[in-house]
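The values are calculated or read from the model by the stated rules, or taken from the named source; none is laboratory data. Computed from a predicted model, the values in this text were never measured in an experiment. All Cβ positions, glycine included, derive from the backbone under ideal geometry; neighbour counts span all protein chains shown. The accessibility values were calculated without ligands, DNA or RNA, using every heavy atom of the protein model including side chains. Shrake-Rupley method; radii C 1.70, N 1.55, O 1.52, S 1.80 Å.
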Amino acid sequence: MLGMAPILIPRILDGGAPNFDPAGIAYLVAAILYTIVIAIELFLLYRQRSAFCVRIRGLDVVFTSVSMLHVYLIIVLLVYPLNGEFRCSAEYWIMSIFLPSGMAVFQACNARVLKAYESQRRMKKDFLAGARKRRHSWGPNGLIEAWLGLDAAAKVYAATVIGLVISLLPAIAVFFGSRRFHPSYGSFGPIVGPRECRRGAEWIPSIFVQLFWTVVVGPWILWKIRNVHDVHSWAWQTRLAIFAGLPGTPLWIAFTQSNISGIQSINRFFPPAGWFIPTLVVCQQVLILIPLRDAGKSRSTERASSSPETDTISLASTASNDPEKSPRFVLSKELKPKTSMQALESCIENDIESLIEWTASREFTAENTVFIREVRNFKRKWSSLRTITTAQRRQMHTEASLIFFTLVNPFTAETPINIEYKIFKKLQEQFEGMEYDPYMPTRSTTPTDPMSPSERENVVCPWENTLNRPASIDSNTSGTSVSSTSSTKSLVPSQFTEDVFDPAYESIKYLVFTNSWPRFLDAERAENPRSS
């Protein structure tokens, strides 16, 4: 008797045995290949970690966000092959904790553009504003003031922790109370199969968490950065990522809760959580590819700016190439091209505010141009004096200390400049006798109260308008007390002069010349094509 041919049982997503049919294998191959792609992209991004466009985004935050989103993406890709092995309870905890955490870190990564925008906007108005801090009490008013004083990224971080704590308690109560996840115990909910387990009111808390990050935090960030048009495409990266994150949750809700036959047939081969896949892929790729592209453009711009051809252009060759040009045009346009270092130095001396405005609003590097301006002003003020008295020397050192602590020192500056370590180390030695107090000074009313920073000789405070003071009013006095003289000698190093910032100044000036200056000129040409 001939044996009958075996009946082919179609593989579907029914909560039963694992599916290793062609569709299941395709899901497995896709998970492996995309993991390799992400690993290569993250490696390339890590190699560009020194580029400003990568550093400002926060490499640690980008890696954390991409990794958390990728783990969830891989789990979703494995739902169909695993089938019943991917239990409803596991999906519940992933949807309640893991995915919200990944989306929260992702939104925090997006919020960094708002943090940078707000910081740069403060810096171009008053670079000391970001350095000033207030002491807050532990009462309700103090906590509200502290919350309002946080930047956008810090608020998202805090909201992540608070949101997870708040959502964790009802998630635990629902999980252990519902018989939907475990038929042997519970106080509410029906006993259902693995497919019906993924539907019901028990998923509402996780739905609310998803909606909070996608339709509340995301649009809030979009609204706050509506006026940001940076040259790094960071704002557009954020917009694309947030827009891509919006459809995932509504589609998941629709395909999880709907009873329409067409939707049910799709769910047999494509899990409802799979509608997060396009969102996750776009979010990952914009976090990686756009900064990689910007880093490549920055390197090519830097090479072009540092080439000898951009520094000088021969007057003879210019005249021979275009004899119809008038001598006046040649002198103004060709002898001193805008791309030269001389043009940048002329801008620093005469019109640096326009460069500060552009770097703050477009490139987010205002700390460099503000530092150049403050060093320029510092040298103008003190190099013009033929003789410097003890009081003036003390005042000059205090002003230099304020520049150092608010713009150079990475431990105290809100946005420190990027200089070589050996330059920073020498500057640190010049101000090692000074202390930095960023908090609002309080006048001492009793002997036990802390004194104002101005009443302590070795303390510099950004709340005091030190840099705008004229040369010390005591500079022309005939005598100086012995204690004041000895104090000045102990605080001010003997090698301290008005040239203390020269190495850092030259380093930052070259950094601006090779990065910000070409972009600034390109933006000028784009806005005024006739003047180029």
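What about PHE270, is it outside any helix (DSSP H, G or I) and in contact (Cβ under 8 Å) with a residue 60 or more places away in the chain?
Working: outside any helix (DSSP H, G or I): yes; in contact (Cβ under 8 Å) with a residue 60 or more places away in the chain: yes.
Yes, satisfied.
Yes or no: the range 187-204 includes at least one residue that is free of Cβ contacts under 8 Å to residues at least 12 places away in the same chain, part of a loop (DSSP other than H, G, I, E, B) and either among the hydroxyl-bearing types (Ser, Thr, Tyr) or touching a helix residue (DSSP H, G or I) at 6+ places or on another chain (Cβ under 9 Å) (or both).
Yes, some residue in the range 187-204 is free of Cβ contacts under 8 Å to residues at least 12 places away in the same chain, part of a loop (DSSP other than H, G, I, E, B) and either among the hydroxyl-bearing types (Ser, Thr, Tyr) or touching a helix residue (DSSP H, G or I) at 6+ places or on another chain (Cβ under 9 Å) (or both).
Anything in the range 248-265 that is open to solvent by less than 60 Å² (accessible area, probe 1.4 Å) and outside any helix (DSSP H, G or I)? List them, or say none.
SER258
Scan the range 409-429 for residues that are outside any loop (DSSP other than H, G, I, E, B) and in contact with a Pro (Cβ under 6 Å, 6 or more places away or on another chain) and jot them down.
Hit for the range 409-429 is ILE423, nothing else.
Any chance the range 190-207 includes a residue that's under 30 Å from ARG362 (Cβ atoms), surrounded by fewer than 21 Cβ atoms within 10 Å (Cβ to Cβ) and within 41 Å of the chain's Cα centre (by Cα)?
no
Residue under question is VAL156, and the condition is that it be assigned by the TED database to the domain that holds TRP93, touching an Asp or Glu at 6+ places or on another chain (Cβ under 7 Å) and open to solvent by less than 30 Å² (accessible area, probe 1.4 Å); does it hold?
No; evaluated as a whole, the condition is false for this residue.
When the range 111-151 is examined, which residues are found to be over 20 Å from THR359 (Cβ atoms) and surrounded by 21 or more Cβ atoms within 10 Å (Cβ to Cβ)?
Listed by number, the list holds a single entry, ALA111.
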